[in-house]
1. Quickly run through segment 71-99 and pick out the residues that are assigned to a helix (DSSP H, G or I), within 10 Å of the chain's Cα centre (by Cα) and in contact (Cβ under 8 Å) with a residue 40 or more places away in the chain.
2. Which one is farthest from Leu75 (Cα to Cα), of the residues in segment 12-36 that are in contact with a Phe, Trp or Tyr (Cβ under 8 Å, 6 or more places away or on another chain) and assigned to a loop (DSSP other than H, G, I, E, B)?
3. Go through the residues of segment 138-149 one by one and say whether even a single one is assigned to a strand (DSSP E or B), modelled with pLDDT of 90 or more, within 18 Å of the chain's Cα centre (by Cα) and over 30 Å from Leu64 (Cβ atoms).
4. Please work out which residue is farthest from His118 (Cα to Cα), limiting yourself to segment 39-49 and to residues that are surrounded by 15 or more Cβ atoms within 10 Å (Cβ to Cβ) and of a type in the set (A, V, I, L, M).
5. Do we have any residue at all in segment 45-55 that's closer than 30 Å to Gln104 by Cβ and under 17 Å from the mean Cα position of the chain (by Cα)?
6. Does Pro98 qualify as being open to solvent by 40 Å² or more (accessible area, probe 1.4 Å) and closer than 26 Å to Asn20 by Cβ?
7. What's the total number of residues in segment 38-70 that are in contact (Cβ under 8 Å) with a residue 24 or more places away in the chain, of a type in the set (Gly, Ala, Ser) and outside any loop (DSSP other than H, G, I, E, B)?
8. Among the candidates Glu36, Glu67, Glu26, single out the residue that is out of contact with any strand residue (DSSP E or B) (no Cβ under 9 Å at 6 or more places or on another chain) and surrounded by 10 or more Cβ atoms within 10 Å (Cβ to Cβ).
Amino acid sequence: RERFVFGKWQEHQATYAGKNIIQDPESFEVSMDQHEAILANTCIIEIPADVRRLGGDAKAPIALAQEARSQCGSLSWYARETRPDIAGDAAMIQTYFPEPIISQIQTINKVIKKIRDHRVVLRYQAVQDPRWLLSTDAGWANTSGDEGSSTRSQCGWIVCLTDQRIEQGDACIVNFIG
């Protein structure tokens, strides 16, 4: 504590930047989630009845598109921090802008509902003889683009910390990093 001066020192449990972080004092396993922050900072985008009646292919009004963009930014941040399960969704919904249509706003709402309804807790365990694991994937022209362009491409990656058993194809601990 003398070497690293902090304004507040907490042991075994803390909340930082919306993350609930808990360390088991026996195993030193760390668990982390952001469910309370998700509940506080995301909300289903209200689509007024008169806008819904326009149909799913109708361009969203500017105010609705701005709210959707804000929620999309939140989803992207949660995907990067503690919700890798929505990383693909977050990447795909970013392609809806700058002019999303009503059905796309409804898709964004489905992702928001998913993260609000289902808590995900990441658990980090100690590994012996650690190895970095990087997995990547890409889709060439796999999503529709703006007016004037027919498609867009997507790519993604995941970084994990595991142990040497991964090299033999054995079952082992895999800790999600980013």
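1. Of everything in segment 71-99, those that are assigned to a helix (DSSP H, G or I), within 10 Å of the chain's Cα centre (by Cα) and in contact (Cβ under 8 Å) with a residue 40 or more places away in the chain turn out to be Leu75, Tyr78, Arg80, Glu81, Pro84, Ala87, Gly88, Ala91.
2. Ranking the candidates gives Glu29 first.
3. No: segment 138-149 contains no residue that is assigned to a strand (DSSP E or B), modelled with pLDDT of 90 or more, within 18 Å of the chain's Cα centre (by Cα) and over 30 Å from Leu64 (Cβ atoms).
4. The qualifying residue farthest from His118 (Cα to Cα) is Ile47.
5. Within segment 45-55 (the criterion being closer than 30 Å to Gln104 by Cβ and under 17 Å from the mean Cα position of the chain (by Cα)), the answer is no, since none of the residues qualifies.
6. no
7. The number of residues fulfilling the criteria is 2.
8. Answer to the selection: Glu67.
The values are calculated or read from the model by the stated rules, or taken from the named source; none is laboratory data. Being a predicted model, the structure only gives us computed values, none of them experimental. Note that we place each Cβ from the backbone using ideal geometry, even for glycine, and neighbour counts take in every protein chain shown. Heavy atoms of the whole protein, side chains included, go into the accessibility calculation; ligands, DNA and RNA do not. Shrake-Rupley method; radii C 1.70, N 1.55, O 1.52, S 1.80 Å.
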